[in-house]
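J.: The structure's right below; bear with me while I get my questions together.
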């Protein structure tokens with residue numbers, strides 16, 4: 001299993017974790033678009049989700065539906081323990097690197 | 001745009017997406033897309049939403065969504081279902097063996113006949129296509145027009161080739177050739193008579209792709225007295241010895257050296273030859289007026305090879321200019337169309353004067369055959385459809401059960417299409433078996449070349465299989481749509497009925513089958529009649545009991561008297577005479593000048609050279625004057641007889657006594673003979689002269705008294721021959737056979753049409769049998785109740801068969817005008833043709849009605865005579 005994940009994958013995984021039980025393709029896309037102000041294609045998010053699933057970082061199951069969806073069921077994604085580990089590792093890696101950045105270069109408090 | 005408006009993403013987009021996306025992902029992704037579409041439509045409008053929707057359909061194409069072999073989670077169950085369909089198909093076949101047989105065998109017959117026709121057409125179309133320069137090789141032909149008369153000739157004068165060689169830019173090669181008459185070839189003590197050959201120059205082997213396995217193609221035909229032979233001839237003449245450099249005694253006159261042996265030809269060709277002799281071996285036969293510088297003797301083939309990308313029209317004009325500059329008769333308009341080698345075989349049917357050993361096909365025959373193949377296939381396909389639909393009613397329970405178990409319409413359709421294609425493929429296997437069994441017989445009987453080895457068949461298999469699958473698919477559409485529409489509950493209760501309307505599709509299909517069958521029977525009657533008419537047409541001469549013997553010139557001049565006396569000594573033989581030609585199509589030809597006419601003003605006449613008894617032996621009727629007689633000593637030198645056409649052609653008012661210069665002699669017309677057909681009846685009779693032999697005729701005609709045992713007579717003749725002429729083959733034939741050979745193509749056509757017409761009828765009747773038994777079985781209870789109420793058997797018979805008989809009648813009424821129109825057009829192509837009469841239409845009608853009644857009676861009688869108790873009990 002590859003434990004390294006890319007930047008976009010990390011974001012998607014974070015959103016899945018954030019939305020907990022309610023994450024599905026469109027909700028993740030909308031979260032990224034609205035909160036991060038990034039334009040992102042629905043298909044890229046889906047592809048990313050499937051790749052995460054292949055890596056064992058998320059799990060999917062068929063969920064509920066709504067009239068807007070024309071009666072089609074959602075595929076919900078939840079984060080797996082491995083996914084959580086991967087996120088934690090990514091965060092720790094970052095923290096470690098951040099600590100090494102001198103305050104004179106970037107001062108987080110003043111930025 | 002408000003929420004709740006009935007705005008939805010384009011359906012085609014959804015379908016497109018579904019077509020590529022794996023099933024387990026499709027639903028959730030589509031849901032997301034649709035949700036997004038709605039939100040976007042509200043925010044930014046429908047158009048924008050639609051646009052983005054469609055864009056995302058394409059952007060979703062990637063390895064996760066695409067259907068593939070490596071299933072993500074579960075295996076698709078379609079393979080399992082397919083296996084189930086196969087199983088059910090074979091169970092059903094086993095359950096109803098008669099119908100399975102009719103279905104499969106019927107289609108197999110249709111497919112097999114199509115294969116036969118396919119190979120025949122392929123063979124004809126492939127003629128001469130193997131020559132690598134075929135697109136640049138042209139044959140120079142000739143059309144001579146003056147007033148109302150129009151003469152077409154495939155052959156050109158001998159002087160043409162040398163005149164155009166090197167004088168017209170754009171022509172790379174010119175080759176001329178002439179057929180070889182029947183000649184005697186001797187090796188040691190053995191003599192053989194061979195008539196399939198040509199004189200050709202060395203350029204010939206350069207222009208055409210007839211390759212040599214031995215010998216040098218550049219030089220093989222260069223020197224006089226060279227001969228190139230094919231392998232069969234080499235084996236016949238020399239056995240296993242190497243033939244190269246060996247000598248063959250030609251007509252007991254000179255020796256020919258074998259300078260080459262052909263490889264087997266890679267395809268078929270319009271030339272029919274076993275050997276080629278070098279052109280400079282050719283000697284103008286004794287008594288011919290013309291020589292090789294003649295422009296009037298149209299007895300030679302001229303082929304030219306053009307440089308790439310030249311304008312053929314210009315070349316044609318150039319050749320025509322040269323021709324006109326040299327051709328003497330200015331009153332005649334001459335054109336010289338160039339015929340491309342690729343079109344020569346099928347496209348030259350209108351040309352006359354082919355000469356011997358040139359084969360010309362007929363695209364009309366091919367056309368007729370293709371139509372027949374399509375019709376036979378149509379009948380077989382309709383059977384297939386009708387029977388599948390009829391059987392299906394019995395399978396209503398199965399369909400109902402499938403629907404209850406969750407099969408949707410599409411799945412049931414798929415099932416029946418699969419079934420239909422499987423059946424079609426099974427039929428194809430049977431068709432291959434039928435083809436293998438029959439091909440030998442058919443290629444012999446009908447003179448149709450068919451591949452007899454599996455390897456020859458192999459390249460065509462993909463095409464056949466594709467066509468079979470297509471037929472299976474097309475034939476399966478109707479049953480599958482019809483069956484999948486069953487309501488499950490009604491189907492389980494067995495309440496499904498075939499459509500009861502008067503014009504159900506089934507009936508229309510059956511009627512169409514009958515229309516086709518009637519048309520084919522009618523047409524085959526007419527074709528057979530026309531061929532009979534031609535072969536037996538009063539030709540203007542007696543051909544029964546006439547034997548024809550081929551004798552070489554040497555033997556003829558040496559032994560004629562003795563042979564004649566010997567033969568006449570037998571009481572069965574009434575006449576013996578000799579002639580240069582014997583009604584099998586050939587005739588000599590040459591220019592004739594009326595007394596006082598200028599050099600330019602000649603008339604082209606065919607001619608026969610005959611002995612004194614010729615008219616009496618062959619029963620020619622004199623219109624005026626007399627035939628040659630020993631009482632007039634001048635007849636031999638100057639006597640001349642014209643036929644009616646010649647008199648009309650030359651415009652003679654007083655033909656008897658007219659002086660004409662012909663064959664280098666001044667002659668006097670002593671008689672006019674009624675026209676007789678010395679060529680195929682496709683063409684009208686051409687002007688002709690009869691003279692006494694100036695050369696040595698090579699044919700002996702022997703008239704046998706009618707009623708005598710022919711085989712005994714032939715044995716006696718052979719005995720005489722062997723005692724008088726020791727070293728030449730005894731070559732005897734019936735004149736009747738010769739004449740029939742002129743109509744080989746037509747006889748072949750009539751054979752094919754009859755075979756396929758009978759086949760069509762068999763198929764239609766098979767289909768009818770299946771259909772009748774089903775429709776009658778469906779009415780078993782009705783019949784039972786009627787019987788209980790006192791209906792008589794005869795009433796029931798009429799009741800059950802009425803519908804089918806009406807169908808036959810209607811089919812006939814529709815078919816008649818169709819047949820009338822198409823056959824009248826075909827008959828136009830014959831100069832001597834039959835008129836259509838009532839028999840051509842009534843007889844097929846009676847035959848078909850008879851067959852229908854026989855087919856019906858078995859099932860109908862069984863039903864009408866059944867005990868009503870048995871039928872009604874299980875209610």
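Results for (1) part of a helix (DSSP H, G or I); (2) touching a helix residue (DSSP H, G or I) at 6+ places or on another chain (Cβ under 8 Å); (3) touching a residue at least 60 places away in the same chain (Cβ under 8 Å), shown as yes or no for each residue.
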| position | (1), (2), (3) |
| --- | --- |
| B:280 | yes, no, yes |
| B:292 | no, no, yes |
| B:296 | no, no, yes |
| B:321 | yes, no, no |
| B:351 | no, no, yes |
| B:355 | no, no, yes |
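J.: Mind listing just one residue for me: the one in region B:27-51 that is touching a helix residue (DSSP H, G or I) at 6+ places or on another chain (Cβ under 6 Å), at the interface with chain A (Cβ under 9 Å from one of its Cβ atoms) and without any contact (Cβ under 8 Å) to a residue 24 or more places away in the chain and, of those, surrounded by the fewest Cβ atoms within 10 Å (Cβ to Cβ)?
T.: Here the residue is B:36.
J.: Can you pull out every residue in region B:9-24 that is surrounded by fewer than 20 Cβ atoms within 10 Å (Cβ to Cβ) and either at the interface with chain A (Cβ under 7 Å from one of its Cβ atoms) or in contact (Cβ under 8 Å) with a residue 40 or more places away in the chain (or both)?
T.: Kept after step one, since they are surrounded by fewer than 20 Cβ atoms within 10 Å (Cβ to Cβ), are these residues of region B:9-24: B:10-16, B:18-20, B:22-24.
Selection gives B:10, B:13, B:16, B:20, B:22, B:23, B:24.
This table checks each residue for (1) under 23 Å from residue B:98 (Cβ atoms); (2) in a helix (DSSP H, G or I); (3) at pLDDT below 80.
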position	(1), (2), (3)
B:758	yes, yes, no
B:766	yes, yes, no
B:791	no, no, no
B:802	no, yes, no
B:809	no, yes, no
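J.: Restricting to region B:223-259, what's the tally of residues that are in a loop (DSSP other than H, G, I, E, B), surrounded by 14 or more Cβ atoms within 10 Å (Cβ to Cβ) and over 38 Å from the mean Cα position of the chain (by Cα)?
T.: Going through region B:223-259 one residue at a time, the tally reaches 5.
J.: Which residue, of B:860, B:871, is touching a helix residue (DSSP H, G or I) at 6+ places or on another chain (Cβ under 6 Å), modelled with pLDDT under 80 and in a helix (DSSP H, G or I)?
T.: B:871 is the lone residue from the list that is touching a helix residue (DSSP H, G or I) at 6+ places or on another chain (Cβ under 6 Å), modelled with pLDDT under 80 and in a helix (DSSP H, G or I).
J.: Residues that are surrounded by 21 or more Cβ atoms within 10 Å (Cβ to Cβ), assigned to a helix (DSSP H, G or I) and either in contact (Cβ under 8 Å) with a residue 40 or more places away in the chain or touching a strand residue (DSSP E or B) at 6+ places or on another chain (Cβ under 9 Å) (or both): does region B:569-590 have at least one?
T.: No, region B:569-590 has no match at all.
J.: Provide a single number: the residues in region B:598-610 that are in contact (Cβ under 8 Å) with a residue 40 or more places away in the chain and surrounded by fewer than 21 Cβ atoms within 10 Å (Cβ to Cβ). Lay out the reasoning, then the answer.
T.: Our first condition is that a residue be in contact (Cβ under 8 Å) with a residue 40 or more places away in the chain; within region B:598-610, this holds for B:599-610.
Going one step further and asking which of them are surrounded by fewer than 21 Cβ atoms within 10 Å (Cβ to Cβ), we end up with B:599-604.
Qualifying residue count, region B:598-610: 6.
J.: State whether the residues of region B:613-621 include one that is touching a strand residue (DSSP E or B) at 6+ places or on another chain (Cβ under 9 Å), within 17 Å of residue B:668 (Cα to Cα) and surrounded by 14 or more Cβ atoms within 10 Å (Cβ to Cβ). Spell out how you get there, then give the answer.
T.: Initial filter on region B:613-621 (touching a strand residue (DSSP E or B) at 6+ places or on another chain (Cβ under 9 Å)): B:613-618, B:620-621.
Those still in the list that are within 17 Å of residue B:668 (Cα to Cα) too: none.
Looking through region B:613-621, none of the residues is touching a strand residue (DSSP E or B) at 6+ places or on another chain (Cβ under 9 Å), within 17 Å of residue B:668 (Cα to Cα) and surrounded by 14 or more Cβ atoms within 10 Å (Cβ to Cβ).
J.: A follow-up question, please. Is it true that some residue in region B:725-732 is assigned to a helix (DSSP H, G or I) and without any contact (Cβ under 8 Å) to a residue 40 or more places away in the chain?
T.: no
J.: Output the number of residues of region B:363-390 satisfying the condition of being surrounded by fewer than 19 Cβ atoms within 10 Å (Cβ to Cβ) and either on the phi > 0 side of the Ramachandran plot or at pLDDT below 80 (or both).
T.: The number of residues fulfilling the criteria is 1.
J.: Just to be sure, is residue A:36 away from chain B (no Cβ under 13 Å), surrounded by fewer than 19 Cβ atoms within 10 Å (Cβ to Cβ) and under 27 Å from residue A:94 (Cβ atoms)? Can you show your working first?
T.: Details: away from chain B (no Cβ under 13 Å): yes; surrounded by fewer than 19 Cβ atoms within 10 Å (Cβ to Cβ): yes; under 27 Å from residue A:94 (Cβ atoms): yes.
For residue A:36, the condition - away from chain B (no Cβ under 13 Å), surrounded by fewer than 19 Cβ atoms within 10 Å (Cβ to Cβ) and under 27 Å from residue A:94 (Cβ atoms) - is met.
J.: Now, a different point. Looking at A:86, A:90, A:82, which is the one that is surrounded by fewer than 17 Cβ atoms within 10 Å (Cβ to Cβ) and either without any contact (Cβ under 8 Å) to a residue 12 or more places away in the chain or away from chain B (no Cβ under 14 Å) (or both)? Full working, then the answer.
T.: Values: A:86 fails: surrounded by fewer than 17 Cβ atoms within 10 Å (Cβ to Cβ); A:90 fails: surrounded by fewer than 17 Cβ atoms within 10 Å (Cβ to Cβ).
So the residue among A:86, A:90, A:82 that is surrounded by fewer than 17 Cβ atoms within 10 Å (Cβ to Cβ) and either without any contact (Cβ under 8 Å) to a residue 12 or more places away in the chain or away from chain B (no Cβ under 14 Å) (or both) is A:82.
J.: Please find, within region A:15-26, the residue that is surrounded by the fewest Cβ atoms within 10 Å (Cβ to Cβ) out of those that are more than 9 Å from chain B (Cβ to nearest Cβ) and modelled with pLDDT of 90 or more. Full working, then the answer.
T.: Initially, region A:15-26 is screened for residues more than 9 Å from chain B (Cβ to nearest Cβ), giving A:15-23.
If we keep only those that are modelled with pLDDT of 90 or more as well, we get A:15-19, A:23.
Working: A:15: 20, A:16: 27, A:17: 16, A:18: 13, A:19: 17, A:23: 26.
Going through the qualifying residues, I end up with A:18.
Let's see how each residue does on (1) touching a helix residue (DSSP H, G or I) at 6+ places or on another chain (Cβ under 9 Å); (2) closer than 25 Å to residue B:520 by Cα; (3) without any contact (Cβ under 8 Å) to a residue 60 or more places away in the chain; (4) in a helix (DSSP H, G or I):
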residue	(1), (2), (3), (4)
B:388	yes, no, no, yes
B:407	yes, no, yes, no
B:422	yes, no, no, yes
B:436	yes, no, yes, yes
B:455	no, no, yes, yes
B:480	yes, no, no, yes
B:483	yes, no, no, yes
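J.: Residue check: is residue B:717 under 21 Å from residue B:553 (Cα atoms), buried (at least 18 other Cβ atoms within 10 Å of the Cβ), modelled with pLDDT of 80 or more and in contact with a strand residue (DSSP E or B) (Cβ under 7 Å, 6 or more places away or on another chain)? Give the derivation first.
T.: Numbers: under 21 Å from residue B:553 (Cα atoms): yes; buried (at least 18 other Cβ atoms within 10 Å of the Cβ): yes; modelled with pLDDT of 80 or more: yes; in contact with a strand residue (DSSP E or B) (Cβ under 7 Å, 6 or more places away or on another chain): yes.
Judged against the criteria, residue B:717 is a match.
J.: On to the next question. Testing residue A:49 on (1) within 9 Å of the chain's Cα centre (by Cα); (2) surrounded by fewer than 23 Cβ atoms within 10 Å (Cβ to Cβ); (3) under 14 Å from residue A:60 (Cα atoms); (4) without any contact (Cβ under 8 Å) to a residue 60 or more places away in the chain, one condition comes back false. Which one is that?
T.: In the conditions (1) within 9 Å of the chain's Cα centre (by Cα); (2) surrounded by fewer than 23 Cβ atoms within 10 Å (Cβ to Cβ); (3) under 14 Å from residue A:60 (Cα atoms); (4) without any contact (Cβ under 8 Å) to a residue 60 or more places away in the chain, residue A:49 misses (2) alone.
J.: Then there's this: Within region A:54-88, how many residues are at pLDDT 90 or above and part of a helix (DSSP H, G or I)?
T.: So the count comes out to 8.
J.: Give the residues of region A:54-75 that are surrounded by 16 or more Cβ atoms within 10 Å (Cβ to Cβ) and more than 9 Å from chain B (Cβ to nearest Cβ), sorted by residue number.
T.: Matches in region A:54-75: A:55, A:57, A:58.
The values are calculated or read from the model by the stated rules, or taken from the named source; none is laboratory data. Please read these numbers as outputs of a predicted model, since none were measured by experiment. Note: ideal-geometry Cβ built from the backbone for every residue, glycine included; neighbour counts use all protein chains shown.
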